[in-house]
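Q: Would you mind keeping the following structure in view while I ask a few things?
Taken together, the values in this text are just the output of simple stated rules run on the coordinates, not laboratory data. Everything numeric in this text was worked out from a predicted model, so none of it was measured. Glycine gets a Cβ as well: all are built from the backbone with ideal geometry, and neighbour counts include every protein chain shown.
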Amino acid sequence: MKDMMKQMMEISKSQPSTQQFADEFWKSVQPILHAQKNFAEINHNTHVELIRIMVDVRYKEIHKQTSGALRNICSNLLALPLHESLRKMMMMMMMMMMMMPKRGKRFYEEVGT
């Protein structure tokens, strides 16, 4: 009976403690967590890049549409029999409107990154 108790004591002493087990477990799980973090970061960067591409394409489409419409309005204004100072003022307003999307693009590039 004493021999069995001694054997049980020796076996229990040779087993790792809870803290040792937790440390070993943490060391084995860390590479997995690190790989998951890297994968999530790559996935996020890919999605952000796709969103930027979509926004850029949409911006270019809208800019083409608005520029064409503003050019038509400008050409129609030139054909109207308006006083010269009024025509100049309206043309300047139209030119300012045509430049507005460019300012928006610069703002997007500065803030959006």
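Q: Please give me, ordered by residue number, the GluC sites (Glu not before Pro) of segment 1-93 that lie in loop per DSSP and have at most 11 other Cβ atoms within 10 Å.
A: none
Q: For residue 86 and residue 50, calculate 0.36 nm times their separation in residues minus their Cα-Cα distance, and state this gained length in nm to one decimal.
A: That pair, residue 86 and residue 50, stretches by 8.4 nm at full extension.
Q: Also: Over the Cα atoms, compute the radius of gyration (one decimal) and Dmax (the largest Cα-Cα distance, rounded to a whole number) for segment 13-74, in Å.
A: Final numbers for Rg and Dmax: 26.8, 92 Å.
Q: Related question: In nm, to one decimal, how far is the modelled label at residue 65 from the one at residue 38, with both set 7 Å along Cα→Cβ?
A: Placing both labels 7 Å along Cα→Cβ, they lie 4.4 nm apart.
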